[in-house]
Amino acid sequence: MKIKSSILIVVLVGFFLFSCSKESEKIFKVDQLTIDASFKGARLNQFEKIGVNTYKAHIYPAFEPVNKSPWFAFSINSKTPQEIKLKLYYNTYKHRYIPKLSSDRVHWKKIEAKNISIDTVSGEATLKLKLTNKKLFIAAQEIDSSEDTYNWLFKILKENNFLRKEIVGTTVKKQPIYAVISENKNIKKSVVLIARQHPPEIPGGTIGFRSFFEELMSNSPLAIKFRSTYNIYTFPLLNPDGVDMGNWRHNANGVDLNRDWVDFSQPETQTARNFILDKVKEGKSINYAIDFHTSYSGPYLLVLDSINQKKVKGLTSKWIKDIENNSKFKVEARKRSQELPYCYNWFYNTFKAEAVTYEDGDEIDREIIKDRARVYALYFMKIMNLKIKEEL
């Protein structure tokens, strides 16, 4: 017994030391600076001094090939107050996102234009930063880890007792995949919402999605009517591994999930597909789907191509028309071939359900993103409720 206990202690100590060593690899100490990339969602590969009060942060993708979406996130503080220059270096990739700064990971602001310069040839960005002994978080977009998403989710569930969440699968790294369900056994018609397949796409994939979803869950007569007519199946975070690893684009296996809706090679896309197919086997119908993303050139909607638009009831075109006729927002619709392995294409190709990819823009004011999402949700519900009246 003593021998077994000793072995267990050695194993536990070894595991603890290994874990600590892995975390310590993500914390850099240079001069008076401490740079921390050990938290979920962080991305920083190397940090070095290259001159007087001048430093370089090396940021590389976890997997290649990858599009130009160099995600970075880390904190930095100094023993004594000082101003430094920090170069963001991406090797062969070029800078994309305006850095966001925060002292608490709750309140964020863009770095002032006077404090950033971008070399359009090398793709490097140089930041001027005033540091103190308090951590300054620097990130491509607001940091929103799986834990942050689930804290939001649990709050929504507490406020809306008609909702339930289910663990419907697990990721590559065995994290839970949650489906949030608003369902009535007597209702067949259903809509599906999917968010955050791509980790950095927080403006549309998190901020826009949440406002859209919250409008659907509100106590307005329109939302109550909508929920009495449609089941709503939601995946609020389909790629928690990629989010927590600070991946630029991929899941933990290095696969772009939004290019995996034909092969279904990954547990995340398999989980979403199987859940939806099971609902159809139960007698539910899929009537509309929205996949939330972010693009540097957003906002826009990816819609069915011209050939397939003629085969459906035109809900998307009516939705866009209503938004433009009744709000300040203009909607750009970009048509894509139904042969592409995107999420929204799968819904049409499989169920002949109308579907869109909802794209917002990298640097659009966050209050505008929220306002747009609420307006889009409002007129989405109106159009979908109108469809029911037309069928009666």
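The values are calculated or read from the model by the stated rules, or taken from the named source; none is laboratory data. Predicted model only: the values in this text are computed from it and were never measured. Don't worry about glycine lacking a Cβ; one is built from the backbone with ideal geometry, like all the others, and counts go over all protein chains shown. Note: accessible area is taken over every heavy atom of the protein model, side chains too, but ligands, DNA and RNA are not part of it. Shrake-Rupley method; radii C 1.70, N 1.55, O 1.52, S 1.80 Å.
Helix 146-159 against the longest principal axis of the chain: what's the angle in degrees, Cα atoms only, rounded to the nearest 10?
40
Shape of segment 297-392 from its Cα gyration tensor (a ≥ b ≥ c, root eigenvalues): rounded if a/c is under 1.5, otherwise prolate when a/b > b/c, or oblate? Mind showing how you got there, number by number?
Details: a/c = 2.13, a/b = 1.19, b/c = 1.79.
Since a/c reaches 1.5 but b/c is at least a/b, the shape of segment 297-392 is classed as oblate.
With the full set of protein chains in place, find how many percent of the accessible area of the chain is carbon and sulfur; take the probe as 1.4 Å. Mind dumping the intermediate values first?
Details: 9780 of 18230 Å².
Of the solvent-accessible surface of the chain, carbon and sulfur hold 54 percent.
Hey, if you put +1 on the Cβ of every Lys and Arg and -1 on every Asp and Glu Cβ in the chain, which of Pro221, Pro341, Asn258 ends up farthest toward the positive end of that dipole?
Pro221
Could you give the size of the charge dipole of segment 124-261 about its Cα centre, using +1 on the Cβ of each K and R and -1 on the Cβ of each D and E, expressed in debye and rounded to the nearest 20?
Working: 19 positive and 15 negative charges, 65 e Å.
About 320 debye.
Which of Ile98, Ile232, Pro176 sits farthest toward the positive end of the charge dipole of the chain, with +1 on the Cβ of Lys and Arg and -1 on the Cβ of Asp and Glu?
Ile232
Would you work out the charge dipole size for the chain about its Cα centre, treating the Cβ of every Lys and Arg as +1 and the Cβ of every Asp and Glu as -1, and quote it to the nearest 20 debye? Please report the intermediate quantities before stating the final value.
On the way: 61 positive and 45 negative charges, 103 e Å.
Charge dipole, the chain, about its Cα centre: 500 debye, nearest 20.
Between Asp371 and Glu282, what length comes free when the chain is fully extended (0.36 nm per residue of separation minus the Cα-Cα distance, one decimal in nm)? Can you show the working numbers first?
Working: separation 89, 0.36 × 89 = 32.04 nm, distance 3.58 nm.
Going from the current span to full extension adds 28.5 nm.
Return the calculated 222 nm mean residue ellipticity for the chain, to the nearest 500 deg cm²/dmol, obtained by summing -39500 (n - 2.57) across DSSP H runs with n ≥ 4 and dividing by the residue count.
Values: 10 runs with 124 residues, N = 392.
So the calculated ellipticity at 222 nm is -10000 deg cm²/dmol.
Using only the alpha-carbon atoms, how far is helix 267-281 inclined from the longest principal axis of the chain? Give it as 0 to 90 degrees, nearest 10.
Approximately 20 degrees, to the nearest 10.
What percent does the relative contact order of segment 133-223 come to when contacts are Cα pairs within less than 8 Å and at least six residues apart? Write out the running numbers ahead of the final one.
Details: 51 pairs, mean separation 17.9, N = 91.
Here the relative contact order equals 20 percent.
Which whole-number percentage describes the relative contact order of segment 289-392, with Cα contacts under 8 Å and a sequence gap of 6 or more?
Working: 129 pairs, mean separation 45.6, N = 104.
Relative contact order comes out at 44 percent.
Using the Karplus curve 6.51 cos²θ - 1.76 cosθ + 1.60 with θ = phi - 60°, work out ³J(HN,Hα) for each residue of segment 124-137 in order, rounded to whole Hz, and write x for Gly and Pro.
With the stated coefficients, segment 124-137 comes to 7, 10, 10, 10, 9, 10, 9, 10, 10, 6, 8, 4, 10, 8 Hz.
Helix 2-24 versus the longest principal axis of the chain: what is the Cα-based angle in degrees, 0 to 90, to the nearest 10?
So the inclination is approximately 90 degrees.
Too long at a 24 Å Cα-Cα cut-off: which of Lys225/Lys279; Lys173/Lys284; Lys284/Lys330; Lys100/Lys130; Lys49/Lys130; Lys281/Lys370? Mind showing how you got there, number by number?
On the way: Lys225/Lys279 22 Å; Lys173/Lys284 31 Å; Lys284/Lys330 33 Å; Lys100/Lys130 14 Å; Lys49/Lys130 16 Å; Lys281/Lys370 35 Å.
Listed pairs above 24 Å: Lys173/Lys284; Lys284/Lys330; Lys281/Lys370.
Kindly identify segment 154-311 as rounded, prolate or oblate by the Cα gyration tensor criterion: order the square roots of the eigenvalues as a ≥ b ≥ c, call it rounded if a/c is under 1.5, otherwise compare a/b with b/c, prolate if a/b is larger, else oblate.
Values: a/c = 1.38, a/b = 1.30, b/c = 1.06.
Taking the square roots of the gyration eigenvalues as a ≥ b ≥ c, segment 154-311 is rounded.
Sequence gap at least 6, Cα distance under 8 Å: using those rules, report the relative contact order of the chain to the nearest whole percent. Can you show the working numbers first?
Numbers: 778 pairs, mean separation 59.0, N = 392.
Answer for the chain is 15 percent.
Towards the positive end of the charge dipole of segment 239-305, with charges on Cβ (+1 Lys, Arg; -1 Asp, Glu), say which of Val280, Leu302, Gly242 has the farthest Cα.
Toward the positive end, the furthest listed residue is Val280.
Could you list the trypsin sites (Lys or Arg not before Pro) in segment 319-392 that lie in coil according to DSSP, counting only those with at most 10 other Cβ atoms within 10 Å of their Cβ?
Details: sites: Lys321, Lys328, Lys330, Arg334, Lys335, Arg336, Lys352, Arg366, Lys370, Arg372, Arg374, Lys382, Lys387, Lys389; in loops: Lys328, Lys330, Arg336, Lys352.
Hits after loop and neighbour filter: Lys328, Lys330.
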